[in-house]
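Q: Sharing a structure here in structure tokens format.
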Amino acid sequence: MTVLDAPDVHQRPATGSLVEQFEFGLDAPICLTWELTYACNLACAHCLSSSGRRDPRELTTAQCERVIDELQRMQVFYVNVGGGEPTIRPDFWHLLEYAVDHQVGVKFSTNGVRISPERARYLASTDYVDVQVSLDGATADVNDYVRGPGSYDTALTALENLAEAGFADAKLSVVVTRHNVAQLDEFKELADRYGATLRLTRLRPSGRGVDVWDELHLLPEQQRVLYDWLMAHGDNVLTGDSFFHLAAFGESLPGLNLCGAGRVVCLIDPVGDVYACPFAIHDSFLAGNVLDDGGFQRVWQHSPLFQQLREPQTGGACASCSFYDTCRGGCMAAKFFTGLPLDGPDPECVQGHGETALAHERTVPAPSQDHSRRTPERRQPVLVQIGRRPEPAEPPVTACAQSPLAGFTPDRDGA
Amino acid sequence: MTAASTAMLGQAWRLSPSVALRPEPFGALAYHFGNRRLTFLKRPEMVEVVRSLGDHRDVRSALNAAGVPEAQWPAYVTALQGLADADLIRPRETTEAAA
């Protein structure tokens, strides 16, 4: 692709809807995700950053402080901090305070492992800090199947501690899967029980997610269930603008309904690499590093990759679809990691174009990195189901390869 | 204009102390650190009005100074009332009002 001749400043219309303006990019991101570490006490089957082991190149405390200083200068008003499990970084609580003291609000995602009653009381005493506890099943069996044994109890204990400490409006964050989509009402009840707000996001085939996507992503009829549920409850539920591909069912869901990658959002990973979006940790979407000359601001404002993402996009294979204006072709990361062209339909296109595209020849890109633990450990989920082995799609080469008695029918009459 | 709108023209207002304005090509992004609400000011003139409210005797003179044509004042006042509801701007105590 040719990006070298991309102009530094786009011819940008002075008027137009906000969404049109956002497509040309902003001077600083609205919402920045910052993963502080690849280390994690869990090993969720669908982890979008393939986390597990700490990376020895992870930013030091001082380097993280310089990034926060820069975010303050750029007036990035809040960051979504994640990981890995960010709270197991020894300097996590220090960095949290440092950010808040520098007018950078923090919302951090956690599996709850460090949210003790004492920490919960501290969090309740701060302003500008939001806590998001991850839970992918409203019951322990559904959750622990993907997040690992014990993770349900850990998350609920954290929510309990936060509620007990008087922390108002924590977020209960759920990745919607084939197994938990029937539990949406139960998730809402759980959130209500702890005075929390439910947040639903889309399962992406990013990181280890690609390994389980075929098993966990929503079936076509489940997408409709989710859409109807969001239409009925959407005003009280957060989605991180995750489901704009569902807009092609008809009415748009609340939110921007646009892919913000490199335009209004981006990701800083634990080693300081800047990617177009939190779901696109791959060399193809790497824009630069915060330690480079000019720091994060230069990467955000001038990287050739981000310049390119801010150019007007064509619908490609979707251009002739009457729903293109509502779904905008769906999620870039979902397409990329399933080996689909970026200017074609989303793999979960609700008009069915995704299934057609998936049926064509495609190559799933090899991951650029993997911080998964090399040896399985106690709390790792094991995605095994007991059942009958599926019938082979094609007959074996010879009948005998299947059974030494193939074709032999004992003569019962003669017995 | 409604009576409330007309009244606002003569009142003194200011940007809320919890709000930061971030310039953007389309106008500005206003962030309220207290209620964490993000609001988009979609016209540079609107940004100028909001930013300079505290420097002017009343809303009318802020609109004048920002070069907003009088025909557009009702629309601007409606927008300002929306910002007031979100606590982005606050009424200012003036000596006249206090007297």
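The values are calculated or read from the model by the stated rules, or taken from the named source; none is laboratory data. Keep in mind that what you see is a predicted model, and the values were worked out from it rather than measured. Ideal geometry is used to build each Cβ from the backbone, glycine not excepted, and the neighbour counts take in all protein chains shown.
Q: Suppose we keep only residues that are under 15 Å from B:Ala84 (Cβ atoms) and surrounded by fewer than 18 Cβ atoms within 10 Å (Cβ to Cβ) within the stretch B:33-57. Which one would you say is nearest to the other protein chains (Cβ to nearest Cβ)?
A: Among them, the one singled out is B:Gly34.
Q: Do you know which of the residues in the stretch B:15-28 that are assigned to a strand (DSSP E or B) and in contact with an Asp or Glu (Cβ under 9 Å, 6 or more places away or on another chain) is farthest from the other protein chains (Cβ to nearest Cβ)?
A: B:Val19
Q: So which residues in the stretch A:157-175 are surrounded by 23 or more Cβ atoms within 10 Å (Cβ to Cβ) and either basic (Lys, Arg) or more than 14 Å from A:Asn111 (Cα to Cα) (or both)?
A: Matches in the stretch A:157-175: A:Phe167 only.
Q: Okay, next question. Checking B:Leu88 against (1) modelled with pLDDT of 95 or more; (2) within 14 Å of chain A (Cβ to nearest Cβ); (3) loosely packed, with under 13 Cβ neighbours inside 10 Å: exactly one of these is not met. Which one?
A: The failed condition is (3).
Q: Taking the residues in the stretch A:325-374 that are farther than 30 Å from A:Ala39 by Cα and of a type in the set (Lys, Arg) as candidates, determine which candidate is farthest from the chain's Cα centre (by Cα).
A: Per the stated criteria, the residue is A:Arg362.
Q: Can you go through B:Pro69, B:Pro74, B:Pro25, B:Pro17 and tell me which one is closer than 21 Å to A:Gly25 by Cα and either without any contact (Cβ under 8 Å) to a residue 60 or more places away in the chain or surrounded by fewer than 18 Cβ atoms within 10 Å (Cβ to Cβ) (or both)?
A: B:Pro25
Q: Take the residues in the stretch A:65-84 that are more than 14 Å from every other protein chain (Cβ to nearest Cβ) and of a type in the set (A, V, I, L, M, F, W, C), then tell me which one is farthest from A:Ala28 (Cα to Cα).
A: A:Val81
Q: Going residue by residue through the stretch A:135-156, is there one that turns out to be among the charged types (D, E, K, R), surrounded by fewer than 18 Cβ atoms within 10 Å (Cβ to Cβ) and in a loop (DSSP other than H, G, I, E, B)?
A: For the stretch A:135-156, residues among the charged types (D, E, K, R), surrounded by fewer than 18 Cβ atoms within 10 Å (Cβ to Cβ) and in a loop (DSSP other than H, G, I, E, B): absent.
Q: Please name all residue pairs, on different chains or six or more residues apart, with Cβ atoms under 6 Å, provided the first residue is in the stretch A:101-123 and is closer than 24 Å to B:Ser18 by Cα and the second residue is of a type in the set (Ser, Thr, Tyr).
A: Note: pairs meeting the criteria are A:Gly105/A:Tyr78; A:Gly105/A:Tyr128.
Q: From A:Cys47, A:Cys40, grab the single residue that is out of contact with any strand residue (DSSP E or B) (no Cβ under 8 Å at 6 or more places or on another chain) and surrounded by 23 or more Cβ atoms within 10 Å (Cβ to Cβ).
A: Only one candidate passes the filter, namely A:Cys47.
Q: From A:Val174, A:Val212, which residue is in a strand (DSSP E or B) and modelled with pLDDT of 95 or more?
A: Only one candidate qualifies: A:Val174.
Q: Just give me the residues in the stretch A:325-353 being in a helix (DSSP H, G or I) and buried (at least 17 other Cβ atoms within 10 Å of the Cβ), in sequence order.
A: Listed by number, the residues that qualify are A:Thr326, A:Cys327, A:Met332, A:Ala333, A:Ala334, A:Lys335, A:Phe336, A:Phe337, A:His353.
Q: How many residues, within the stretch A:123-180, are in contact with a Phe, Trp or Tyr (Cβ under 8 Å, 6 or more places away or on another chain) and either among the aliphatic types (A, V, I, L, M) or closer than 29 Å to A:Gln223 by Cβ (or both)?
A: The number of residues fulfilling the criteria is 21.
Q: Can you pull out the residues in the stretch A:265-277 that are part of a loop (DSSP other than H, G, I, E, B) and touching a strand residue (DSSP E or B) at 6+ places or on another chain (Cβ under 7 Å)?
A: Listed by number, the residues that qualify are A:Asp269, A:Pro270, A:Gly272, A:Ala276, A:Cys277.
Q: Taking the stretch A:310-361, which residues are at negative phi and basic (Lys, Arg)?
A: Those that are at negative phi and basic (Lys, Arg): A:Arg310, A:Lys335.
Q: Residues being over 16 Å from A:Glu35 (Cα atoms) and either within 17 Å of the chain's Cα centre (by Cα) or within 13 Å of chain B (Cβ to nearest Cβ) (or both): count how many of those fall in the stretch A:98-128.
A: Counting residues in the stretch A:98-128 that are over 16 Å from A:Glu35 (Cα atoms) and either within 17 Å of the chain's Cα centre (by Cα) or within 13 Å of chain B (Cβ to nearest Cβ) (or both) gives 7.
Q: Across the stretch A:115-129, which residue is surrounded by the fewest Cβ atoms within 10 Å (Cβ to Cβ) among those that are touching a Leu at 6+ places or on another chain (Cβ under 9 Å) and at pLDDT below 95?
A: Ranking the qualifying residues of the stretch A:115-129, first place goes to A:Thr126.
Q: Something else: For residues in the stretch A:13-37 being of a type in the set (D, E, K, R) and not in a loop (DSSP other than H, G, I, E, B), which is surrounded by the fewest Cβ atoms within 10 Å (Cβ to Cβ)?
A: By that ranking, first place goes to A:Glu20.
Q: Hey, another quick one. Name the single residue, out of those in the stretch A:237-255 being not in a loop (DSSP other than H, G, I, E, B) and not small (Gly, Ala, Ser), that is surrounded by the fewest Cβ atoms within 10 Å (Cβ to Cβ).
A: Restricting to residues being not in a loop (DSSP other than H, G, I, E, B) and not small (Gly, Ala, Ser), the top hit is A:Leu238.
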